[in-house]
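Shown next, in structure tokens, is the structure this report addresses.
The values are calculated or read from the model by the stated rules, or taken from the named source; none is laboratory data. Note that the coordinates shown come from a computational prediction; the quantities given were computed from them, not determined experimentally. Neighbour counts are summed over all protein chains in view; Cβ atoms, including those assigned to glycine, are modelled from backbone coordinates with ideal geometry. For accessibility, only protein heavy atoms count, side chains too; no ligands or nucleic acids. Shrake-Rupley method; radii C 1.70, N 1.55, O 1.52, S 1.80 Å.
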Amino acid sequence: MSIQAARLDSNVDMTISAKSRKLLWGRSGNRCAICKRELIMETSKEDDESIIGDECHIISGAQNGPRYDTNYPSDQVDGYSNFILLCKVHHKLIDDQYSTYAHQKLVQIKAEHEKWVSKQLDNNNILGESIRIKKVPGNTPAYLSRITTGKKLLEVVLNACAFSFDHDDLDDPAHVDLISGFLQNAQDWGDIGFDNIGDKVKIGYEISEIIKELEVAGFWVFGGREVQALEGGSGGVSDWPVATLRVLRSNNDEIVKTPVGEKGV
Ligand SMILES: [Zn+2]
Ligand SMILES: [Zn+2]
């Protein structure tokens, strides 16, 4: 079973959320997880050259569907982790040969594909040869500012094209959970954005609470935004904002007090 992007507004059982589909397409680099061909989401203009992507269920929600599993929680069937982005050829393949392409096998293919995409991005390959990302002289912030509110955090991550996150060494599993969850969410918020100001205010408030929790655990959040330039390809030069976040122990001696009284790293 799959949900075709083209049917987004029709009345088929369109159950994947906007958040999940943005994550799925973004982390897949708009490419089939098996053949890596570039896929498109839009099908309104019938363009012969474009290959349409299918958002495929890993475990079908239908009893006679591929890889159906009575033990799989039904509330997770339409979650991000149960979708894989594929071209039509490979969608058909995994559904026809569902024993070869069993649950764990597909989970592994998806994870490896997403790792491949993020490696391409780290190497600034942007999955094309002629595109480069360059630092713009003068745009690199000398200091990262301390972030104490969700509103400030959103200013750093919203609509960023790339994320550079890091944290101090951790030895307590509770801190690992807290910080990895926080950074993962920060990237999700940045990737997805908000449909309306109400959501933004609400999430901003929730983030402020998490930042306070981090502070109680002994961690401070620092962040900054650097606009780099994307060059080449067909579109000339365009802005490539990079969001940087660091979660540091409050006693880290790299933290300095700047003249204006703000903390920086
Ligand atoms: Zn399917
Ligand atoms: Zn494919």
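The table that follows gives values for the structure above.
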{"read-out": "Restricting region 49-61 to residues that are assigned to a loop (DSSP other than H, G, I, E, B) and either outside the structural domain of residue 22 (by TED's automatic domain parsing) or open to solvent by 40 Å² or more (accessible area, probe 1.4 Å) (or both), the residue that is farthest from ligand 2 (Cβ to nearest atom)", "value": "61"}
{"read-out": "Those residues of region 1-19 which are more than 16 Å from ligand 1 (Cβ to nearest atom) and either at pLDDT 65 or above or open to solvent by less than 30 Å² (accessible area, probe 1.4 Å) (or both), in sequence order", "value": "17, 18, 19"}
{"read-out": "Filter result (among the charged types (D, E, K, R) and at pLDDT 95 or above) within region 71-111", "value": "105, 110"}
{"read-out": "Any hit, region 80-92, residues being touching a residue at least 12 places away in the same chain (Cβ under 8 Å), in a loop (DSSP other than H, G, I, E, B) and within 12 Å of ligand 1 (Cβ to nearest atom)", "value": "no"}
{"read-out": "Given (1) part of a helix (DSSP H, G or I); (2) closer than 30 Å to residue 82 by Cβ; (3) within 16 Å of the chain's Cα centre (by Cα); (4) not assigned by TED's automatic domain parsing to the domain that holds residue 81, number of the condition residue 156 does not satisfy", "value": "(2)"}
{"read-out": "Residue match in region 188-200 (condition: assigned to a loop (DSSP other than H, G, I, E, B), open to solvent by less than 30 Å² (accessible area, probe 1.4 Å) and small (Gly, Ala, Ser))", "value": "yes"}
{"read-out": "Complete set of residues in region 179-209 that are touching a residue at least 40 places away in the same chain (Cβ under 8 Å) and among the aliphatic types (A, V, I, L, M)", "value": "179, 183, 186, 192, 203, 207"}
{"read-out": "Some residue of region 110-124 being more than 16 Å from ligand 1 (Cβ to nearest atom) and closer than 27 Å to residue 206 by Cβ", "value": "yes"}
